[in-house]
1. Determine whether the stretch 348-356 contains at least one residue that is assigned to a loop (DSSP other than H, G, I, E, B) and either surrounded by 13 or more Cβ atoms within 10 Å (Cβ to Cβ) or touching a residue at least 24 places away in the same chain (Cβ under 8 Å) (or both).
2. The conditions are (1) farther than 18 Å from residue 214 by Cα; (2) touching a residue at least 40 places away in the same chain (Cβ under 8 Å); (3) crowded, with 21+ Cβ neighbours inside 10 Å, and residue 314 fails exactly one of them. Which is it?
3. Restricted to the stretch 58-71, and to residues that are crowded, with 16+ Cβ neighbours inside 10 Å and in contact with a strand residue (DSSP E or B) (Cβ under 7 Å, 6 or more places away or on another chain), which residue is farthest from residue 107 (Cα to Cα)?
4. Which condition breaks for residue 323 when tested against (1) assigned by TED's automatic domain parsing to the domain that holds residue 206; (2) under 20 Å from the mean Cα position of the chain (by Cα)?
5. Looking for whichever is surrounded by fewer than 16 Cβ atoms within 10 Å (Cβ to Cβ) and either in the same structural domain as residue 258 (by TED's automatic domain parsing) or in contact with a helix residue (DSSP H, G or I) (Cβ under 8 Å, 6 or more places away or on another chain) (or both) here; the options are 151, 164. Which one fits?
6. Here is a check on your reading of the model: is residue 74 within 23 Å of residue 369 (Cα to Cα), crowded, with 18+ Cβ neighbours inside 10 Å, outside the structural domain of residue 328 (by TED's automatic domain parsing) and at pLDDT 95 or above?
7. Looking only at helices (runs of 4 or more DSSP H) that lie completely in the stretch 176-252, which have at least 3 residues being modelled with pLDDT under 85 and either within 19 Å of residue 11 (Cβ to Cβ) or touching a helix residue (DSSP H, G or I) at 6+ places or on another chain (Cβ under 8 Å) (or both)?
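The values are calculated or read from the model by the stated rules, or taken from the named source; none is laboratory data. Every value quoted in this text rests on a predicted model; they were computed, and no experiment measured them. Here the Cβ positions follow ideal geometry from the backbone for every residue, glycine too, while neighbour counts run over all protein chains shown.
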C-alpha cells in the first residue's frame, strides 16, 4: 500500500490523481489532501477517501471545513504550516505536488528532507529552485518523478538508456496551443474565452493560458534542464499539433526514443504513482490508421515570445527564472480578470526581467522576495 499526500487535490492533476486512486484502492491510500479555498469539493473528497488530514491554505476556508467535518475523524489544518505537516507525515511514501504556484516550494523541500518521494506537477519548484531541489534529492536519496506529460515522456524514454554522456538532445514537444499559426497582429483583441480553448488538453485555467503564450513550454525547458541535467541549448522544442508524441530523446548515435499516447494526463500521473511498474489503465488508445499522419513544425517565437523569454531566464540562472515565473503568473492573473490584453503578458514579463536585481545563487527567502518584488513592480506599472 502506497500512502500519498496530494497537494492541490481540487485542481486538474489532483482530481485525476483521485480518479486513479478509485481504480486502485487496494494499492493507494490517500493519507492527506490540500487545497486553497474549494471547501465544497474538499468536503466531498474527504467523505469519499477518508484521509487522516485535510489542509486548506486559506484560514477561513479551513474553519468552514472544520465545522462541516465535525462528524468525521479527519483533522483539518491550515496555512503553510499545515501544508508542511501533511508533506512530512510518517505514514506517507509520496507527495503529489499538484498545487499551483510558489506555495508548493516549501512543502516540497520539507517532503524531500523527510525522505518522501515526489510526484512533481508543480513546475515552479524546479523552475525557481532547481539549484536547491536537485542536490537535496541526491542527498536524501529520494525519487523525483515527473508528472508533466512532456517530462514524463522524456523520463520514460530514458529508462534503460545511457544517460551519462549518451544524450545528444532532448526533444520537447508542444501542441502550439489554440493560436498556432496566428501572427502577432491577429492576437491584439484575443479574449479570455478564446485563450482557454485548448485544442487537445483539458487543463487548469492558468496552464491553459500559459500554453497559448508558449510560456508553459518555456517553463518546461527550464524544468527539463534540472530534471535531466542538460544545457538549455540541448533542449529542442518542436510543435506537434496532434499531441501524440509527448516528447523524446535523441542519443549520440542518432537514435531517437520517444513516448507516444493519447493526450490524457492520467497516464503520466499513474506512471509516477506506480513507477517503475506499469498498471492497466482504462481509456482510449492511439489508432494509427485513423490518425493517418503526425505533423511537426518549429515554434513561432517572434509571435509567441514566452519561450525565448524563458530560455533567456534559464541561461542567466540565479533568480531570473523566478522573475520570469512570477511576472508571468501575475500577468496571467490580470489577463484572466480582463484587466490587461493578451499581448500585454509579454510586455509585463520582459519589463520585470529588465528591471529585476540579479541574485546569482538565491536561497528560498531570496526566491520568495524576488517573487514579491515582481508582484509589487507590476502593481506599480
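1. Within the stretch 348-356, one or more residues are assigned to a loop (DSSP other than H, G, I, E, B) and either surrounded by 13 or more Cβ atoms within 10 Å (Cβ to Cβ) or touching a residue at least 24 places away in the same chain (Cβ under 8 Å) (or both).
2. In the conditions (1) farther than 18 Å from residue 214 by Cα; (2) touching a residue at least 40 places away in the same chain (Cβ under 8 Å); (3) crowded, with 21+ Cβ neighbours inside 10 Å, residue 314 misses (1) alone.
3. For the stretch 58-71, the residue satisfying everything is 69.
4. (1)
5. Answer to the selection: 164.
6. no
7. Where helices (runs of 4 or more DSSP H) fall fully within the stretch 176-252 and carry at least 3 residues being modelled with pLDDT under 85 and either within 19 Å of residue 11 (Cβ to Cβ) or touching a helix residue (DSSP H, G or I) at 6+ places or on another chain (Cβ under 8 Å) (or both), they are 205-213.
Residue-by-condition table, conditions (1) buried (at least 24 other Cβ atoms within 10 Å of the Cβ); (2) within 19 Å of residue 104 (Cβ to Cβ):
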site	(1), (2)
9	yes, yes
12	no, yes
16	no, yes
23	no, no
27	no, no
37	no, yes
46	no, no
